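Below is one structure, written out as structure tokens; comments come after it.
The values are calculated or read from the model by the stated rules, or taken from the named source; none is laboratory data. In this text, all values refer to a predicted model and were calculated from it rather than measured experimentally. Cβ coordinates were reconstructed from backbone atoms using ideal geometry, including for glycine residues, and neighbour counts include every protein chain displayed. These area figures cover heavy atoms from the full protein model, side chains too; ligands, DNA and RNA do not enter into them. Shrake-Rupley method; radii C 1.70, N 1.55, O 1.52, S 1.80 Å.
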Amino acid sequence: MVRRREPVWFRPWVDIEREAVALRSFELAWVPGLLQTEAYARATFIGQPFTPAEVADLVGARLDRQAILTRERGPLFVAVVDEQVLRRPAAGDRQLMAAQLSHLVACADLPSVQFHVVPRDTSTYPGLDGPFTLAELRDGSRVAHVDSQARAQIIDQASEIATLERRWERIRGEALPRGRSLDLLKEAATAWT
């Protein structure tokens, strides 16, 4: 039996990710977990009340999830991030950020990944309300994962999914096209070196 390392409360979402044909993710403050390097993932847990062993399990679980992006018939993953994600130093470490952004450039070349950036000069937009991910499953059904300071939740109610899909379209509409997003990503990566 394979030991699962992700938190019990997060396992239903990991199972959904594995079954999804498409994932659309918006992140306001972090690189999406499916695109994080090990060092960046580790930095996301700094200051939290975890033991080194717990951090190792959490980071390992996050990295294990990334296998869906390179597997045969994996999901289309469309990631939209606010530009501040590329500009804020994780753990104050320039080398960590340079490596993370170089990794993002490589991920953006994967056939299953589309990466977009909402530029920092964008005025207020619906993404400022927080991150979420929409998953489309093989049967056409859709579910969402919404994270907050207090808890994460999976949403499957049609009216709430419809609200999140409208928000997604508004957020995606503020983001740069893929080519320009990649140019901005490369420029940000260079700025960290």
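Below are the figures for this structure:
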item	result
Any chance Gln114 is open to solvent by 20 Å² or more (accessible area, probe 1.4 Å) and under 12 Å from the mean Cα position of the chain (by Cα)	yes
Residue check for Thr51: more than 27 Å from Glu165 (Cα to Cα), β-branched (Val, Ile, Thr) and over 14 Å from the mean Cα position of the chain (by Cα)	yes
Matching option when the condition is within 17 Å of the chain's Cα centre (by Cα) and open to solvent by 20 Å² or more (accessible area, probe 1.4 Å), among Arg120, Arg170, Arg138, Arg178	Arg178
Residue ID - nearest to Trp13 (Cα to Cα), chosen from residues in segment 93-149 that are modelled with pLDDT of 95 or more and of a type in the set (Asp, Glu)	Glu136
Residues of segment 92-142 that turn out to be β-branched (Val, Ile, Thr), over 17 Å from Arg18 (Cα atoms) and in contact (Cβ under 8 Å) with a residue 60 or more places away in the chain, as a count	2
Segment 141-152, subset within 28 Å of Arg73 (Cα to Cα) and open to solvent by 60 Å² or more (accessible area, probe 1.4 Å), residue farthest from the chain's Cα centre (by Cα)	Arg142
Residues of segment 108-126 classified as touching an Asp or Glu at 6+ places or on another chain (Cβ under 8 Å) and not polar (S, T, N, Q), total	5
Count of segment 169-193 residues which are in contact with a helix residue (DSSP H, G or I) (Cβ under 9 Å, 6 or more places away or on another chain) and not in a helix (DSSP H, G or I)	4
First in segment 143-166 and closer than 22 Å to Thr44 by Cα, second anywhere and polar (S, T, N, Q), Cβ under 6 Å, 6 or more apart	His145/Thr133; Val146/Gln153
